[in-house]
Amino acid sequence: MKFNNYMQTALNEAKAAGDRGEVPVGAVVISPAGVIVSQAGNRTRELSDPSAHAELLAIRFACKKLGSERLAGYDMYVTLEPCVMCAGIISNSRIRRLYFGASDMKSGGVVHGARVFEQAQCHHKPEVYDLINSTECEDILKEFFKTLR
């Protein structure tokens with residue numbers, strides 16, 4: 001099986017989020033056939049919604065488009081390690097594979113912090129691949145926060 005990297009699309013969403021004044025995180029949901037089903041960037045400030053993370057929005061859009069609450073067989077690319085909330089929704093939606101770029105030592109919930117997928121209460125654990133395009137994913141975040149300081 002040939003690996004297709006959809007992280008550039010997620011990075012484009014992250015850059016657009018940063019341009020809107022949001023923390024620059026982007027996410028993409030990919031069908032089993034390798035087609036982009038949905039994509040989103042953070043919109044917490046724009047929507048005044050603390051749950052409007054890129055992952056959650058991309059999953060909502062995909063589920064609505066497909067008419068299903070489950071995304072079994074679908075993959076997700078996200079520029080930053082998902083937080084606990086997003087890891088929970090990734091598990092609940094039954095995402096098959098999660099690819100993420102930058103690690104998040106402070107708020108990550110997959111390989112850092114709570115490690116949601118390792119908990120006994122986690123009903124579905126996706127395959128996880130980290131550090132995909134990590135330098136570019138880290139750089140966009142560093143640049144965004146540098147301008148705030």
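The values are calculated or read from the model by the stated rules, or taken from the named source; none is laboratory data. A quick note: this is a predicted structure, and the numbers were derived from the prediction, not measured. Heads up, the Cβs are rebuilt from the backbone with ideal geometry, glycines too, and the neighbour counts pull from every protein chain shown. These accessible areas exclude ligands, DNA and RNA; they are computed on the full protein's heavy atoms, side chains included. Shrake-Rupley method; radii C 1.70, N 1.55, O 1.52, S 1.80 Å.
Can you order the peptides 90-100, 43-53 by their average number of other Cβ atoms within 10 Å per residue, highest first?
Going from most to least packed, we get 90-100, 43-53.
Each residue of the stretch 132-138 in turn: what ³J(HN,Hα) in whole Hz from Karplus with 6.51, -1.76, 1.60 and θ = phi - 60°, glycine and Pro shown as x?
Using θ = phi - 60°, the values come out as 6, 6, 4, 4, 5, 5, 5 Hz.
Can you list residues whose amide H is under 5 Å from THR79's amide H, if they're 5+ apart or on another chain and H is modeled 1.01 Å from N?
GLY26, GLY101
Among LEU80, LEU148, VAL37, which residue has its Cα positioned farthest towards the positive end of the charge dipole of the chain, with +1 placed on the Cβ of Lys and Arg, -1 on the Cβ of Asp and Glu, and the dipole taken about the Cα centre?
So the residue furthest toward the plus end is VAL37.
Taking 7 Å along the Cα-to-C-beta vector as the label spot, tell me the LYS64-GLU118 distance in nanometres, rounded to one decimal.
Those two pseudo-labels are separated by 3.6 nm.
Shape of the stretch 1-86 from its Cα gyration tensor (a ≥ b ≥ c, root eigenvalues): rounded if a/c is under 1.5, otherwise prolate when a/b > b/c, or oblate?
In terms of gyration-tensor shape, oblate.
Quick check for me: using +1 on Lys/Arg Cβ and -1 on Asp/Glu Cβ, what's the dipole size of the stretch 62-149 about its Cα centre, in debye to the nearest 20?
Taking the Cα centre of the stretch 62-149 as origin, the dipole is about 340 debye.
Between the alpha-carbon centers of the stretch 1-35 and the stretch 66-91, tell me the distance in whole angstrom.
After rounding, the separation between the Cα centres reads 13 Å.
Search the structure for amide H atoms under 5 Å from the amide H of VAL128, placed 1.01 Å from N in the peptide plane, and list their residues when 5 or more places away or on another chain.
Amide H neighbours of VAL128: LEU98.
Let a ≥ b ≥ c be the square roots of the eigenvalues of the Cα gyration tensor of the chain; is it rounded (a/c under 1.5), or, if not, prolate (a/b larger than b/c) or oblate?
It is rounded, given that a/c, with a ≥ b ≥ c, falls under 1.5.
How would you rank 33-40, 58-65, 21-28, highest first, on the average number of other Cβ atoms within 10 Å across their residues?
21-28, 58-65, 33-40
Before rounding to the nearest 500, sum -39500 (n - 2.57) across all DSSP H runs of length at least 4 in the chain and divide by the residue total; then give [θ] at 222 nm in deg cm²/dmol.
-11000 deg cm²/dmol
In sequence order, what are the phi-derived ³J(HN,Hα) couplings for the stretch 88-99 according to the Karplus relation 6.51 cos²θ - 1.76 cosθ + 1.60 with θ = phi - 60°, rounded to whole Hz, with x for glycine and proline?
Each residue of the stretch 88-99 in turn: x, 6, 4, 5, 5, 7, 6, 3, 6, 9, 10, 10 Hz.
Strictly over 23 Å apart at the Cα level, which of LYS65/LYS142; LYS15/LYS64; LYS15/LYS106; LYS64/LYS106 would you flag in this model?
LYS65/LYS142; LYS15/LYS64; LYS64/LYS106
How much of the DSSP beta bridge set in the stretch 64-148 is antiparallel, as a percent to the nearest 5?
Counting DSSP beta bridges with both partners in the stretch 64-148, the antiparallel share is about 10 percent.
Rounded if a/c is under 1.5, else prolate if a/b beats b/c, else oblate: with a ≥ b ≥ c from the C-alpha gyration tensor eigenvalues square-rooted, which is the stretch 79-131?
oblate
Taking a probe of 1.4 Å, how large is the accessible area per residue of the stretch 1-146, in Å²?
About 50 Å² of surface per residue is accessible.
Convert each backbone phi in the stretch 36-43 into a coupling constant with the Karplus relation 6.51 cos²θ - 1.76 cosθ + 1.60 (shift: θ = phi - 60°), then list the ³J(HN,Hα) values in order as whole Hz, x for Gly and Pro.
After applying 6.51 cos²θ - 1.76 cosθ + 1.60, I find 5, 8, 7, 8, 7, x, 3, 9 Hz.
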